[in-house]
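In what follows, a structure is listed as structure tokens, so that the remarks can point back to it.
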Amino acid sequence: MANNPVHLPFPPARILGIETSCDETAAAVIENGQTMLSSVVASQIDLHAQYGGVFPEVASRQHILSIYSIIDQALQQAHLDLSNIDAIAVTRGPGLAGSLVVGMNTAKGLALASNLPLIGVNHLEGHIYSAWINPNNQEITVPKFPLLALLVSGGHSELNIMTDHLSYTRLGSTLDDAAGEAFDKVARLLGLSYPGGPSIQKAAANGNPTAFNFPRARLEGSWNFSFSGLKTAVLRVVRQIESENRPIPVEDMAASFQAAVVDVLLSKTIQAARAYHAREILVAGGVSANKALREAFLGQNEFPVHIPPLSLCTDNAAMIGSAGYFRFVKGLVDPLDLDVMPNWPLS
Ligand code: KG4
Ligand code: ZN
């Protein structure tokens with residue numbers, strides 16, 4: 001086992017991570033939960049863009065075509081083969097059933113053939129553990145518990161309090177659209193391309209965030225989110241402007257929409273961190289790649305904030321390898337007849 005500069009509270013291990021829950025086929029090798037020996041992501045975005053969203057059957061077929069070569073590349077980049085790996089971690093859910101099955105069956109086959117333990121990882125747990133990964137092999141400050149985790153992805157928006165590794169209590173989640181889903185839907189309303197998050201961010205860069213005063217659903221008294229009212233407000237403005245035959249002010253609308261989402265996510269997370277006496281805040285999931293969101297969280301100084309580097313915000317397998325490590329060192333390995341769980345909640 002290679003030397004690791006990071007002080008380790010747990011025994012050393014190398015994990016092969018595999019992720020196929022949605023439209024990224026990914027594999028990575030992670031050492032000791034933190035050191036990224038390799039991470040390979042094959043995005044299917046170009047394939048799905050023509051449908052304006054992920055087409056599940058196309059996604060699973062593409063995973064089948066890519067998965068072995070992606071795993072090979074991950075092992076090669078790490079200069080390892082399976083005999084140097086201690087366990088195989090794979091996303092078990094939540095996600096698209098057909099896509100999850102491709103990763104799961106591949107992981108089971110490799111585990112059986114190489115006599116390695118299999119570890120099923122919750123995709124959301126993976127996003128959280130992306131904040132433990134150090135892609136540049138320099139020492140990083142790992143998050144401290146109790147930790148308030150805001151998860152914002154294409155399928156989920158939720159606040160969890162973590163009192164220790166692998167221990168989550170969900171405080172609230174979205175009542176309708178996930179934050180990323182709202183970005184994707186509003187992008188479509190504004191005629192911007194899929195995936196909507198990066199398109200909105202780009203358009204918003206030249207827009208005025210106060211041009212439209214879009215609603216912020218604060219849902220006082222709960223830790224839940226709701227983005228459907230905001231989406232409808234954007235739709236109403238688009239229809240109004242169209243009926244007047246005026247050009248849609250896409251940049252101002254994108255900036256104002258983004259500001260409303262960031263405002264709600266930041267204020268609710270800070271409130272929850274105060275209420276649960278969190279030491280630190282963690283923001284993860286695809287939407288944590290958003291520049292305005294990152295700046296808002298990093299711009300407050302009440303709580304230290306962990307946000308993964310951009311390359312680890314959207315789906316990847318390094319995060320599955322990291323979460324897999326923390327399960328492995330606690331003896332949480334799974335049987336080879338493990339099934340996928342497309343709706344698996346984190347807590
Ligand atoms: O975590 P992720 O890659 O996949 C899921 O687990 O869902 O998240 C994808 C979501 C998409 O909705 C995408 O529009 C959003 O993350 N996203 C962003 C940005 N980059 C990706 N949203 C806002 N700003 C971004 N820069
Ligand atoms: Zn994800």
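Values computed for the structure shown
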quantity: Residue count, region 68-112 (criterion: among the hydroxyl-bearing types (Ser, Thr, Tyr) and crowded, with 23+ Cβ neighbours inside 10 Å); calculated: 2
quantity: Residue list for region 45-67, filter: of a type outside the set (Phe, Trp, Tyr) and open to solvent by 40 Å² or more (accessible area, probe 1.4 Å); calculated: ILE45, ASP46, LEU47, ALA49, GLN50, VAL54, PRO56, GLU57, ARG61, GLN62, ILE64, LEU65
quantity: Among (1) at pLDDT 95 or above; (2) buried (at least 18 other Cβ atoms within 10 Å of the Cβ); (3) within 27 Å of VAL41 (Cα to Cα) - the single one PRO195 does not satisfy; calculated: (1)
quantity: Close pairs (6 angstrom Cβ cut-off, 6 or more residues apart or separate chains): open to solvent by less than 20 Å² (accessible area, probe 1.4 Å) in region 218-236, not in a loop (DSSP other than H, G, I, E, B) anywhere; calculated: PHE225/SER157; PHE225/THR174; PHE227/ALA182; LEU230/ALA260; VAL234/VAL186; VAL234/LEU189; VAL234/PHE257
quantity: Selected residue (only one of ALA182, ALA187 is part of a helix (DSSP H, G or I), small (Gly, Ala, Ser) and over 18 Å from the mean Cα position of the chain (by Cα)); calculated: ALA187
quantity: Filter result (closer than 27 Å to ILE200 by Cα, among the charged types (D, E, K, R) and more than 14 Å from ligand 2 (Cβ to nearest atom)) within region 274-329; calculated: LYS291, ARG294, GLU295
quantity: Qualifying position, being open to solvent by less than 60 Å² (accessible area, probe 1.4 Å), without any contact (Cβ under 8 Å) to a residue 60 or more places away in the chain and within 16 Å of ligand 1 (Cβ to nearest atom), among ALA317, ALA259, ALA289; calculated: ALA259
quantity: The listed residue being in contact (Cβ under 8 Å) with a residue 24 or more places away in the chain, more than 30 Å from ASP23 (Cβ to Cβ) and not in a helix (DSSP H, G or I), out of ASN245, ASN213; calculated: ASN213
quantity: Complete set of residues in region 176-196 that are more than 8 Å from ligand 1 (Cβ to nearest atom), under 9 Å from SER157 (Cβ atoms) and of a type in the set (A, V, I, L, M, F, W, C); calculated: ALA182
quantity: Selection within region 194-203 - away from ligand 2 (no atom under 16 Å from the Cβ) and over 18 Å from LEU235 (Cβ atoms); calculated: GLN201, LYS202
quantity: Test set (1) open to solvent by 40 Å² or more (accessible area, probe 1.4 Å); (2) closer than 26 Å to ASN224 by Cα - HIS123 fails condition number; calculated: (1)
quantity: Unique residue being of a type outside the set (A, V, I, L, M) and touching a residue at least 40 places away in the same chain (Cβ under 8 Å) when the list is SER43, SER39; calculated: SER39
quantity: Criterion (touching a Ser or Thr at 6+ places or on another chain (Cβ under 9 Å) and closer than 20 Å to ASP184 by Cβ) met by exactly one of ALA74, ALA49; calculated: ALA49
quantity: Enumerated strands (runs of 3 or more DSSP E) restricted to region 72-177, each holding at least 1 residues that are among the hydroxyl-bearing types (Ser, Thr, Tyr) and either without any contact (Cβ under 8 Å) to a residue 40 or more places away in the chain or within 16 Å of ligand 2 (Cβ to nearest atom) (or both); calculated: 87-93, 157-164, 167-173
quantity: VAL305 away from ligand 1 (no atom under 14 Å from the Cβ), touching a strand residue (DSSP E or B) at 6+ places or on another chain (Cβ under 9 Å) and of a type in the set (Val, Ile, Thr); calculated: yes
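The values are calculated or read from the model by the stated rules, or taken from the named source; none is laboratory data. Here the structure is a predicted model, which is why all the values come from computation and not from measurement. Cβ: placed from backbone, ideal geometry, glycine included. Neighbour counts: every protein chain shown. Side chains are part of the model used for accessible areas, which takes the heavy atoms of the whole protein and leaves out ligands, DNA and RNA. Shrake-Rupley method; radii C 1.70, N 1.55, O 1.52, S 1.80 Å.
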